[in-house]
1. Lys/Arg Cβ at +1, Asp/Glu Cβ at -1, dipole of the chain taken about the Cα centre: which of LEU401, GLN335, SER387 is farthest positive-ward?
2. What is the distance in Å between the Cα centroid of region 482-509 and that of region 545-568?
3. Where does the charge balance sit around LEU457 when Lys and Arg score +1, Asp and Glu -1, over other residues with C-beta under 10 Å from its C-beta?
4. How would you order 438-448, 306-316 from highest to lowest mean count of nearby Cβ atoms within 10 Å?
5. Check region 377-452 and count each lysine pair with an alpha-carbon distance under 28 angstrom, considering only pairs eight or more places apart or from different chains.
6. Have a look at SER19, TRP314, PHE349 and report the one farthest towards the positive end of the charge dipole of the chain, computed about the Cα centre with Cβ charges (Lys/Arg +1, Asp/Glu -1).
7. Within 11 Å, Cβ to Cβ, of ILE287, how many net charges do the neighbouring residues add up to if Lys/Arg are +1 and Asp/Glu are -1?
8. What shape does the chain have by the C-alpha gyration tensor, where a ≥ b ≥ c are the square roots of the eigenvalues, rounded means a/c under 1.5, and otherwise prolate means a/b greater than b/c and oblate the rest?
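The values are calculated or read from the model by the stated rules, or taken from the named source; none is laboratory data. Every value quoted in this text rests on a predicted model; they were computed, and no experiment measured them. Glycine gets a Cβ as well: all are built from the backbone with ideal geometry, and neighbour counts include every protein chain shown. The protein model used for the area step is the full one, side chains on, heavy atoms only, and it has no ligands, DNA or RNA in it. Shrake-Rupley method; radii C 1.70, N 1.55, O 1.52, S 1.80 Å.
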Amino acid sequence: MNRISLKWELMLLCILLVSLPTVLMGVIGYYTYQEFAENELESRLQDQALDVRAQAADYISQNQRVLRREEALVIKRIESIALTMREVITTLPISDYQTLQRKQEHKLFDQLKMMRINRSGHVFLLDPSLKPVWNQAFLTNATDSSISDSFYSRIQAALPRLKKGEVITIRYPWIQQRSGYVNRFTSLAYAPNWNMVIGVTINETDFRSSDLEGMLQAEFKQRLSEQSIGEQGYIWVLNSEGRYILSRGNLRNGEDMLDVVDSQGVAIVRHMVSAGKEHENGTPGMIYYHWRGLGDRVSQPKAAAVTYVSEWDWIVGTSANLNEFYAGLQEIRQQIVIVCVFFIISGSFLAYMFARKITQPVLHLKGLASRAAMGDLNVDVDERLISQPTEIGSLARAFALMIVSLRRLVAQKEKNGRILEKQNSELNDSQNKLELALAELELEKQKFHAQAITDPLTGLMNRRGFALSGNKEWKLFKRNEQPLTVVMIDIDHFKKINDQFGHAIGDMVLSKLSKLLSEQMRESDLIARIGGEEFAMIINLPVGLAKQGLERLRKLVEETSVSVSAEQIQFTISIGAIQAGEQYIDLNAALDAADTCLYAAKQSGRNCVVTGDE
């Protein structure tokens, strides 16, 4: 692959140095503006949410003012009734009180008992012990006995003031409903001639009508539904149960939205309710979500500022469509792209002119360098370049000096090459002789090692070789805890064979037994002649399985003979074996134990196998 020229490299570098800052500034500028616009959008949505919350507070305040006026009128009315009853009872003779005590009919009292104020209001009398004289049922229908007890306690506390002629009105919870406690108002007066407390009571629900609040809410919802945020934004209202109070175009008012989830499976309405309640006071909270409205083919990205109007249990959200918001950023992004392209094109042209001016002298020097690289050192640098007081001139002067130095170096190299070639030839001869001597030394080393661990008569390991290999097997047994059997073998009456037939025949017997051991035992078993007619083995099997193989070996030896002239010499072996275990400190201890078993085999008449578990 051909490398681009220096001119184009410089030009591309300059373009890169112009383009990167330009693009970076454009990207930073765009995202900075986007962040500013997003903050501005959030601020606008939050301001609108605050404005909605303030308007709701005005409506709620208006409703409360009306309710306070109604409450004042009702209190004034029941206090007037209490005063009237006190004046009436004060004018009655004591005989009427006795009639009341005997629970006899009395026309006036019967009319007072039956008197009702609105739907739930009534009058009652309490005797000196504050027990109801009539209308007791109305005083004992509280949902909680503690409420009733508190009511009588408050009358008891007000009694001193009542005896001074004051009329006192008390407000207290009475009946608990789903929406909370229903309060009751009671005006109290004291009839001194009968020593009784007069009470006129009315429930709050009799005059606190929800019609006004509903009317105010309907008017407020109408105002909110007429407001828009951009072209597609609007104000929505939910209650804490996720039911629409106000939806876009009032198309989904009253619909239960609590279990609505977005495309990611998030319960978005529950999140709206939770976020709204968390920002009842202070700055409204911001939420981002996807919402698919009626008529939308796909869900739209939304941003909303949410707050909570606790008096009406309203979760208010001022929402904007983010697609509409991001569309407004398209023009800004296009303008930034146009500016960036202009700067990149202008910078590219200037970069080309700059690169051309810089690279012309460099290309001249490059041509000279190429000729020098091909071996042509008869090159001369243009004197005009050498005379320039610039970096290019310095480069030209350095190049001319380099050509002179190269000429000297080439001559010296040729001389040194001839000397080096002669020295390399001598060195190669010496190295070949050294490698040959090392190879011969290694062969001798291997030969001596084999002789040191091998029995020359049988070709088996000797005692030294068995100790080296056996200790490795012993360490492996200790580490892996695999079964291991240590065996000692001895030729029966071997001395008699030597005495009767001579040592040469004895050596044949040893060789024959060694061959049988090598052929019958496994390659993984260690076999060694450790002295005279004694052999040792290590078998990687439990002693029970090893004994079966040893028995086959013993029978095979018993059936084998050595031919001497016309005579067949038969011989037998005795075998002792133990299984390695923690009771043996090392291989020598195990061999001693196997030797003990071998001795037991000799004592048992020879030509048998004795193991350590017998």
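1. Of LEU401, GLN335, SER387, it is GLN335.
2. If we compute the Cα centre of each part, the gap is 12 Å.
3. Net charge around LEU457: -1.
4. Details: 438-448: 9.9, 306-316: 20.5.
Most protected by this proxy first, the peptides run 306-316, 438-448.
5. Details: LYS413/LYS422; LYS422/LYS433; LYS433/LYS445; LYS433/LYS447.
The result is 4.
6. Among SER19, TRP314, PHE349, the one farthest towards the positive end of the dipole of the chain is TRP314.
7. Numbers: positive: LYS302; negative: GLU42, GLU278.
So the environment of ILE287 carries a net charge of -1.
8. On the way: a/c = 5.78, a/b = 1.69, b/c = 3.41.
Because a/c hits 1.5 or more and a/b fails to exceed b/c, the chain counts as oblate.
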